[in-house]
Amino acid sequence: MRRAFAVSLLVFAVACNDYPFELPKYSFPIAEQRVAAPGSAITVMTQNLYVGADVDLVIRALATPDPTDDFAALMFAIETVNKTDFPARAQTIADQIASTRPHAVGLQEVSEINIDLRPLGVDAVVNQDFLALVQAALAARGLHYALAATSNNVDVNLVSGLVRLRDHDALLVDADRVTVDAAGGQNFAVNLGQVADGVVLVRGWVYAQTMIGGVAYTFASAHTESNLAGAPAGLLDQIRAAQVGEMVATLGASARVILMGDLNDTPGSPMYGVLANSGFTDTWRAMRPGVDGLTCCHPADLSEQTASFDQRIDYVWTRGLGRDNGTLQGSIERFGAVPASRVAGPSYRIWPSDHAGLVAEIR
């Protein structure tokens, strides 16, 4: 039976304090441990790979009582996926990894797309495994980036299984320089869940406890809940804060932590406050004070000529990598924010993703 998104969100509004779960109190008394970094730098990269279309348009169509707009929204999304050509974009992302050689790479919106509408008489077929495409591109460049951890997130199953979209987080490590002692991926306890027939929004995160040059580092990467039209005011802010709070609590007092990802919220948000008040340093703000560092977003079809970002929602946070005087040294740059980073697409030059990525070197 068809479930409108408004009905789905109503579940949140009928419980105590407007939420059916108790939002945690955000006080994590974890003192920042200032441990001098070894002589060599640690480099990380975070990149939202971008599924290739505005999935929210499909969700909104599915959530309306009118079923006649569903197929048109789906076909428009498929057309956009073809225009944004992830196999081509994977090559330029692999080039960036090859040129900067990060020890760890956090990837979000690592999608598996399987669409075949030929049984309906529609010539629409898409089969793309984003992780396999990125790893193949890296291997072709002689690089050995191993999958340390992955988590299963968004799951879309439409048209009786003819349309499947599965979304993951993934953490890659340079197998030539990084030894993984323990790793894993998990879903957050607080999620939106089902928002329309065949659409389940569950977010998660991944981590790896590693040794590099005899020194222990923990890497973590996440994709917290994004904004969604129709959600009650403030709900998604609190969900993101709860999700990040769960990461902080689970990571505990690890001495050296680099936490990165598409956290879908801006400086000053509750999410930002959880990290800032838990001993973590916003690497961009520490290394490039006064520079906006916007990372989102290119239009859905990736067709714009120059970046017109208006949000900073992608981050690299560190704990335990500062010097004794509290300063954090190194560099951080955006990837995918200048026209030179575009790649040839089927019809025009396209950006590597709808988000800029970040590459941080911490010395």
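The values are calculated or read from the model by the stated rules, or taken from the named source; none is laboratory data. Owing to the predicted nature of the structure, the values given are computational and were not obtained by experimental measurement. These accessible areas exclude ligands, DNA and RNA; they are computed on the full protein's heavy atoms, side chains included. Shrake-Rupley method; radii C 1.70, N 1.55, O 1.52, S 1.80 Å.
Cα gyration tensor of region 184-324, axes a ≥ b ≥ c as square roots of the eigenvalues: rounded (a/c below 1.5), prolate (a/b > b/c) or oblate?
On the way: a/c = 1.79, a/b = 1.27, b/c = 1.41.
Judged from the Cα gyration tensor, region 184-324 comes out oblate (a/c at least 1.5, b/c at or above a/b).
Would you please classify the overall shape of region 131-216 from the alpha carbon gyration tensor, given that a ≥ b ≥ c denote the square roots of the eigenvalues, rounded means a/c under 1.5, and beyond that prolate means a/b larger than b/c while oblate covers the rest?
Values: a/c = 5.37, a/b = 1.72, b/c = 3.12.
Judged from the Cα gyration tensor, region 131-216 comes out oblate (a/c at least 1.5, b/c at or above a/b).
In whole percent, and with a 1.4 Å probe on the protein chains, what portion of the accessible area of region 251-363 is carbon and sulfur?
Details: 1920 of 4120 Å².
That fraction is 47 percent.
Tell me, what is the per residue accessible area of the chain in Å², probe radius 1.4 Å?
Working: 14360 Å² over 363 residues.
Dividing the accessible area of the chain by its residue count gives 40 Å².
Suppose accessible area is computed on protein heavy atoms with a 1.4 Å probe; arrange R288, R349 from highest to lowest.
Details: R288 70, R349 115 Å².
From most accessible down to least: R349, R288.
Give the dimensionless ratio obtained when the Cα radius of gyration of the chain is divided by 2.2 N^0.38 Å. Kindly include the intermediate steps, with their values, before the conclusion.
Details: Rg = 20.2 Å, N = 363, 2.2 N^0.38 = 20.7 Å.
Relative to the rule-of-thumb radius for its length, the chain sits at 0.98.
For region 58-109, just say rounded, prolate or oblate: build the C-alpha gyration tensor, square-root its eigenvalues into a ≥ b ≥ c, call rounded for a/c under 1.5, and beyond that prolate if a/b exceeds b/c, oblate if not.
On the way: a/c = 8.59, a/b = 2.63, b/c = 3.26.
The shape class here is oblate.
Please tell me the relative contact order of the chain in percent, rounded to the nearest whole number, where contacts are Cα pairs under 8 Å and at least six residues apart.
Contact order relative to length: 22 percent.
In terms of solvent-accessible area of protein heavy atoms at a 1.4 angstrom probe, what is the ranking of E112, E304, E79, highest value first? Intermediate values should be presented prior to the final figure.
Details: E112 55, E304 30, E79 90 Å².
So the residues, ranked largest to smallest area, are E79, E112, E304.
Just reorder S347, S151, S331 by solvent-accessible area, largest first, 1.4 Å probe, all chains present.
S347, S331, S151
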